[in-house]
Amino acid sequence: MIPVRWMLIAVVATVLVVGGAVAGLRLGAQSDPPGWQGYVDADYVRVGPTLQGLLTKVSVVRGQDVGVGDSLFEQDPVDDQAARDEAAAKLAEAEARLVNLQNPSRTTEVAQGEADLIDLRAARDRMRRECERSRELVGTGAVSKQRFDQDCADAISTAARVDSAEARLAQLRAPTGRVQEIGAAEAVVAQSHAQLAQAEWRLTQRRVGAPAAAQVADVYARPGETLAAGTPVVSLLPPGNILIRFFVPEAALPGLATGSSLSVGCDGCPAGLGAKVSFVAPQPEYTPPVIYSESTRDKLVFLIEAHPQPDSLRWLKPGQPVTVRLAAPTS
């Protein structure tokens, strides 16, 4: 037979082994990070017209993927096309008036002025020589004093006519408008450019494209409806606008900060989904708007928002319940 003393030792050893195993299990359970219930939400981009108008075409349907600039919807452009054409015509008219004021006189008038100046310069030179010859001959008596005075007066008169012709030719070559007239015409041209730019902008607003790559979440209007400016026509969901909202008790708040890594679990989702905290509410709430657990009722909780990692987005849909935990630190 086995002595009683050895039997007691065996019993005590068994108890210690079992107790150590149970303690180890409890310690492992306590070391697991806590989990919080939450849900997937989204910040939708609601796209509407910038101008009031008649909706003539909707180019997308719910669930469709669109890229940046892809057409979403169009409005009736007839009135804006007419306004653009009118502004373009006014600009052309203003530019033509400015060019007319900036240009010199007609080519034929300038050529005539140049010919007149050449003729007058020749006459001036001839009259000057006559005056000098009379000056030499008046002392000999071959030319009378009256003739000498007349020749010199004609030389002076012809020189004055040359000066007048030169001034007239300079005026013919100069812009036909005065400085003030040209400045006013330039201002009209600038104004016409601005009006044309405004008309073209209004016309481009009649076709609205996607501001970002996204999925069409909903379509609110149909062709034939007259919509006010800003009325949503299409709702878009860019992948980066999906987020997770969950609530934690005050005791768990110190472990969560902006940038903290989280692990996300949901039904049917693979393991390893991750997210990062992007917002921690500065004020507590008495009850979260959606309650997934009785343990969160009637307690002060803080709203936490987190953005999923890019490789986790395909598994997360708005409204889907999830379980969120602090991610285990990487070694």
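Only one of the listed residues (ASP70, ASP85) is touching a Gly at 6+ places or on another chain (Cβ under 7 Å), modelled with pLDDT of 95 or more and farther than 30 Å from ALA165 by Cβ. That residue is ASP70.
Out of ALA122, ALA159, one residue alone is assigned to a helix (DSSP H, G or I), in contact with a Lys or Arg (Cβ under 7 Å, 6 or more places away or on another chain), assigned by TED's automatic domain parsing to the domain that holds GLU95 and aliphatic (A, V, I, L, M). It is ALA159.
Screening the candidates ALA221, ALA210, ALA251 for the property of being among the small types (Gly, Ala, Ser) and at pLDDT below 95 yields one hit, ALA251.
Residue count for the range 305-317, restricted to those that are more than 29 Å from the chain's Cα centre (by Cα) and not acidic (Asp, Glu): 5.
The values are calculated or read from the model by the stated rules, or taken from the named source; none is laboratory data. This one's a predicted model, so the numbers in the text were calculated from it and none came from an experiment. Counting neighbours? That spans all protein chains shown, and the Cβs are built from the backbone with ideal geometry, glycine included.
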